[in-house]
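Colleague: My structure is below; once you've seen it, I'll send some questions.
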Amino acid sequence: MTDVSITDFTYQYPKSETKVLNNLNLTFKHNHFSLLSGPSGSGKSTLLYFIAGLYPRFIGNDATGTIKFGQTNLKDIPLNQISRQVAMMFQNPNQQFAMDTVIHEMTFVLENIRTEPAKMDAIIDQALTFCGIQQLKSRIINTLSGGEKQRVALACIVAMDTPVIVLDEPFASIDPGSRIDLIHKLKELQEKHGKTIILADHDLGNYQGIIDEFYYLDPKSHRINLLNQQEAQHFFDNFESTQTINKQLNLPPKTDAQSILKLRDFKLSPHDSLLLKLDHFNFYKQKTTLITGANGIGKSTLFNALTKLLPYTGTILYTDKNIKKIKPLNYAKNVTLLFQDAENQFLNVTVKEELDLSFANRFNQDYTHEQVEQMLTKLDMQGRDDQVVYSLSEGQKKKLQIVEMLIMNPPVLLLDEPFKGLDYKSLRLITGFLETAKTKYGQTQIVISHQLSGLEDLIDYHAHFENQNLTYQGVI
Amino acid sequence: MNPGMKLLLVVLIALEISFTQSLIVNVILIAVSFAYVMVKRMNFKTLFLLVFWPLFPALGLFVSQWLYGSAGIHFAWVLFTRIYAYVFLGATFTLTSSITDLSLTLEQDFRLPSKFAYGVLAAFNLMPKIREEVQIIKTSALMRGEVFHVWSPRLYFKAILSSIQWSQNLAEAMTSHGFVEDEPRTHYKVIRITALDWTVFIVLLIAVQVMLFLIRY
């Protein structure tokens, strides 16, 4: 029996006042599929890293309390035995492999746990077959799609054959088909192979009827509660209802007259698999267009093509000019991306240096220093001039990033999940700022967001991404 | 040939021709290396690049020695061919050996600690991602109105920040895949240094010594 029991477990980051995990007492039951949910940044990953034995080794300080596998304290398990007990799948598909090809990675894993070489072929074939990826055996991992990589990661776990499997937001960047398929594979591992599965996800789609237990990490109390049937149902229903806000919208005009970005015979197929095919599609000037669609379907990839970070076929026209013919700096000043990861936007070290850089290089003088100071104060970001940007919390990073890109005030702003990890109050403030940028300064905004509530007033058009197509909808 | 032995041989020969001045030996080394990579099937684009890029430093050395040096045209030719000898000797290794096999043999036969062998390998496999990351950093800088060139310190500052993050993630991933420093591992593919490897190594090394001794021009 390998119940994973957690007793009086408390953790706080070094130099931080708040306890990310506050006196947890819970048991992930043997041979159960447990889902751990809660808003992003609430500490789910931290707990999973401790369970997988990666923390405290890879972090500065230890937690108090105990984690036990069955009757054994995790701390009493020697390092070389931990991977016989627990395997982990990470959020980022790109950073979990050491070797070049699938087969090399799998032999690397088996060598580490000292499997007899004679048995390896059979184990690898079995694991690949289970995950339905025999055809990927000799492929180079870098050339696989996100969904394929996560399947390879699962195959490694299957080959390791550990009783406990821990997964940290494993589907955050993979396509819906792979997501459903992998959830079912995990269920099969639990039911037919007696595995204990602990999975963290803030997206509740596709879990209903599959999971045995639903745990919720409350962001206020920093505690984890096991929800009963009714409460779980409430969360699932709530999640469903946030998938739409039932707002009627106009469809964009049929003509090209008001369009600012035009896609013609456009095809996007990284990793040789077609993500998006648009014969004729427009984004409209001085409008906010919301793009929705499942994770990993290609929304961010579309932004990468629009900012010339990725190759595509066909034509993209910006104000009737082929963007391939516009000089990189000039184009970047006109069509600017607010990166999903705020750190990608930072070039300097302190908050003041970051803001000064935006003031120095901005493309127009629309915002005064006073206005910016006001925005910062409203967002509770004032007086942080000398703080190192990388030491800000995720929410503060996001706020700073948005303010500095508002200062730049480009004609077209692409925003990739700009509200992730922000509280509702900040979200409303920022939608207000964006509204001003649009109405007063004529900015065109294209937004990718899973968060819908609170955006009602800002959104003009809604395009849904599905079946390799992007179509305007009359409702959100 | 065992990739570790091959690397050692190439490095030894390259070191030796750095301190000798035999034009003919350089040419023989280029010819033999060239024949070797051709037998191992090299495509013409790679061949062209191998000849083209070293041309600038080689010509530069040649011209400066010929026109301004005191050792005469012979030494100019030695320098010219030496550059190509380095390139083609290097190519016999890089174009025909896999980095994976090299780390396997370094770990198994040369007793290199496995964390170095696999750490280097993992870093090598990250190269394409690093290239993408640099592209992202440059684009992101453009969007803030800054142009980053290859010599911009801030480009490296950002790149190093990302690398630190990645190396941490990679170390975590390797650990979760059961890798523990200095612990014994089994080996699916056992790479041994065979008697043949030793023979080829010694014969080739002696052949180069003999040539360097006999052929002084």
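The values are calculated or read from the model by the stated rules, or taken from the named source; none is laboratory data. Just so it is clear, the structure is predicted and the values come from calculations on it, not from any experiment. When we count neighbours, we look across all protein chains shown, and the Cβ atoms used for this are built from the backbone with ideal geometry, even at glycine. Note: areas computed on protein heavy atoms with side chains; ligands, DNA, RNA excluded. Shrake-Rupley method; radii C 1.70, N 1.55, O 1.52, S 1.80 Å.
Colleague: Pick out the one residue from A:Asn94, A:Asn80 that is more than 16 Å from A:Asp175 (Cβ to Cβ), part of a helix (DSSP H, G or I) and within 7 Å of another protein chain (Cβ to nearest Cβ).
Modeller: After applying the criteria, what remains is A:Asn80.
Colleague: For the condition open to solvent by 20 Å² or more (accessible area, probe 1.4 Å), within 30 Å of B:Tyr36 (Cβ to Cβ), among the β-branched types (Val, Ile, Thr) and in the same structural domain as B:Leu8 (by TED's automatic domain parsing), what is the one hit in B:Val203, B:Val120?
Modeller: B:Val203
Colleague: Exactly one of these conditions fails for A:Leu204: (1) in contact with a strand residue (DSSP E or B) (Cβ under 6 Å, 6 or more places away or on another chain); (2) assigned to a loop (DSSP other than H, G, I, E, B); (3) within 24 Å of A:Asn22 (Cα to Cα). Give me its number.
Modeller: Only one criterion is unmet by A:Leu204, namely (1).
Colleague: Let me ask something else about it. Go through the stretch A:302-343 and count every residue that is outside any loop (DSSP other than H, G, I, E, B), open to solvent by 10 Å² or more (accessible area, probe 1.4 Å) and either more than 11 Å from chain B (Cβ to nearest Cβ) or out of contact with any strand residue (DSSP E or B) (no Cβ under 9 Å at 6 or more places or on another chain) (or both).
Modeller: The qualifying residues number 14.
Colleague: Exactly one of these conditions fails for B:Thr94: (1) away from chain A (no Cβ under 14 Å); (2) in contact (Cβ under 8 Å) with a residue 60 or more places away in the chain. Give me its number.
Modeller: (2)
Colleague: Further question on the same structure: Pairs needed: first member in the stretch B:109-123, over 16 Å from B:Ile99 (Cβ atoms); second member anywhere, open to solvent by 50 Å² or more (accessible area, probe 1.4 Å); C-beta distance under 6 Å; at least 6 residues apart or different chains.
Modeller: Correct list of pairs: B:Lys115/B:Glu181.
Colleague: Out of curiosity, is A:Asn206 at positive phi, in contact with a helix residue (DSSP H, G or I) (Cβ under 9 Å, 6 or more places away or on another chain) and not aromatic (Phe, Trp, Tyr)?
Modeller: When the stated conditions are applied, A:Asn206 passes them.
Residue by residue, here is whether (1) hydrophobic (A, V, I, L, M, F, W, C); (2) in contact (Cβ under 8 Å) with a residue 60 or more places away in the chain holds:
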position	(1), (2)
A:Arg223	no, yes
A:Leu227	yes, no
A:Ala232	yes, no
A:Lys254	no, no
A:Ser259	no, no
A:Asn282	no, no
A:Gly298	no, yes
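Colleague: Quick one: what pairs do we get from the stretch B:183-205, first residue touching a residue at least 40 places away in the same chain (Cβ under 8 Å) and in a helix (DSSP H, G or I), second of a type outside the set (D, E, K, R) and open to solvent by less than 90 Å² (accessible area, probe 1.4 Å), C-beta under 6 Å, 6+ apart or different chains?
Modeller: So the pair list comes out as B:Asp197/B:Met1; B:Asp197/B:Asn2; B:Asp197/B:Met5; B:Val200/B:Met1; B:Phe201/B:Met5; B:Phe201/B:Leu9.
Colleague: Evaluate the stretch A:360-369: report whether one residue or more is among the aromatic types (Phe, Trp, Tyr), touching a Lys or Arg at 6+ places or on another chain (Cβ under 6 Å) and within 14 Å of chain B (Cβ to nearest Cβ).
Modeller: Scanning the stretch A:360-369 turns up at least one residue that is among the aromatic types (Phe, Trp, Tyr), touching a Lys or Arg at 6+ places or on another chain (Cβ under 6 Å) and within 14 Å of chain B (Cβ to nearest Cβ).
Colleague: How many residues are more than 21 Å from the chain's Cα centre (by Cα) and open to solvent by 10 Å² or more (accessible area, probe 1.4 Å) when one looks only at the stretch A:282-301?
Modeller: Going through the stretch A:282-301 one residue at a time, the tally reaches 4.
Colleague: Let me ask you something else. Say we look at the stretch B:180-189 and pick out the residues that are at the interface with chain A (Cβ under 8 Å from one of its Cβ atoms) and not hydroxyl-bearing (Ser, Thr, Tyr); which of these is most open to solvent (accessible area, probe 1.4 Å)?
Modeller: B:Lys189
Colleague: Let me ask you something else. Would you mind stating whether A:Leu199 is among the aliphatic types (A, V, I, L, M), surrounded by 15 or more Cβ atoms within 10 Å (Cβ to Cβ) and touching a strand residue (DSSP E or B) at 6+ places or on another chain (Cβ under 8 Å)?
Modeller: Against the criterion (among the aliphatic types (A, V, I, L, M), surrounded by 15 or more Cβ atoms within 10 Å (Cβ to Cβ) and touching a strand residue (DSSP E or B) at 6+ places or on another chain (Cβ under 8 Å)), A:Leu199 qualifies.
Colleague: Counting only residues that are open to solvent by less than 80 Å² (accessible area, probe 1.4 Å), in a helix (DSSP H, G or I) and without any contact (Cβ under 8 Å) to a residue 40 or more places away in the chain, how many does the stretch A:362-388 have?
Modeller: 4
Colleague: Just to check your reading of the model, which residue among A:Met99, A:Met106 is closer than 18 Å to B:Phe179 by Cβ, in a helix (DSSP H, G or I) and either open to solvent by 10 Å² or more (accessible area, probe 1.4 Å) or not polar (S, T, N, Q) (or both)?
Modeller: Among A:Met99, A:Met106, only A:Met106 is closer than 18 Å to B:Phe179 by Cβ, in a helix (DSSP H, G or I) and either open to solvent by 10 Å² or more (accessible area, probe 1.4 Å) or not polar (S, T, N, Q) (or both).
Colleague: Go through the stretch B:146-179 and give me each residue that's under 23 Å from A:Asn361 (Cα atoms), out of contact with any Leu (no Cβ under 8 Å at 6 or more places or on another chain) and at the interface with chain A (Cβ under 9 Å from one of its Cβ atoms).
Modeller: Selection gives B:Phe157 alone.
Colleague: Can you name the residue in the stretch B:24-59 that is among the small types (Gly, Ala, Ser) and buried (at least 17 other Cβ atoms within 10 Å of the Cβ) and, of all such residues, is farthest from B:Ala91 (Cα to Cα)?
Modeller: Only one residue fits best here, namely B:Ala58.
Colleague: Keeping to the stretch A:407-420, report how many residues are on the phi > 0 side of the Ramachandran plot and either buried (at least 21 other Cβ atoms within 10 Å of the Cβ) or without any contact (Cβ under 8 Å) to a residue 60 or more places away in the chain (or both).
Modeller: So the answer is 1.
Colleague: Just to confirm my filter: which helices (runs of 4 or more DSSP H) fall fully inside the stretch B:72-146 and include at least 3 residues that are over 20 Å from the mean Cα position of the chain (by Cα) and at pLDDT 90 or above?
Modeller: Ranges flagged: B:72-94, B:114-143.
Colleague: Ok, one more. Go through the stretch A:33-50 and give me each residue that's within 21 Å of A:Asn228 (Cα to Cα), of a type outside the set (S, T, N, Q) and buried (at least 21 other Cβ atoms within 10 Å of the Cβ).
Modeller: A:Phe33, A:Leu35, A:Leu36, A:Lys44
Colleague: Here's a follow-up. Does B:Phe62 satisfy being surrounded by 12 or more Cβ atoms within 10 Å (Cβ to Cβ) and among the aromatic types (Phe, Trp, Tyr)?
Modeller: Yes, satisfied.
Colleague: Taking the condition of being surrounded by fewer than 16 Cβ atoms within 10 Å (Cβ to Cβ) and in a loop (DSSP other than H, G, I, E, B), how many residues in the stretch A:56-76 meet it?
Modeller: The total comes to 8.
Colleague: Among the numbered conditions (1) among the β-branched types (Val, Ile, Thr); (2) within 9 Å of another protein chain (Cβ to nearest Cβ); (3) open to solvent by 30 Å² or more (accessible area, probe 1.4 Å), tell me where B:Ile137 comes up short.
Modeller: Unmet condition: (3).
Colleague: Being of a type in the set (Asp, Glu) and more than 21 Å from A:Thr313 (Cα to Cα) is the filter here; which residues of the stretch A:257-277 pass it?
Modeller: none
Colleague: Just to be sure before I move on: is A:Thr129 touching a residue at least 24 places away in the same chain (Cβ under 8 Å) and either open to solvent by 20 Å² or more (accessible area, probe 1.4 Å) or closer than 26 Å to A:Gly70 by Cβ (or both) in the structure I sent?
Modeller: no
Colleague: If you take the residues of the stretch B:124-134 that are without any contact (Cβ under 8 Å) to a residue 24 or more places away in the chain and facing another protein chain (nearest Cβ under 7 Å), which of them is least open to solvent (accessible area, probe 1.4 Å)?
Modeller: B:Asn125
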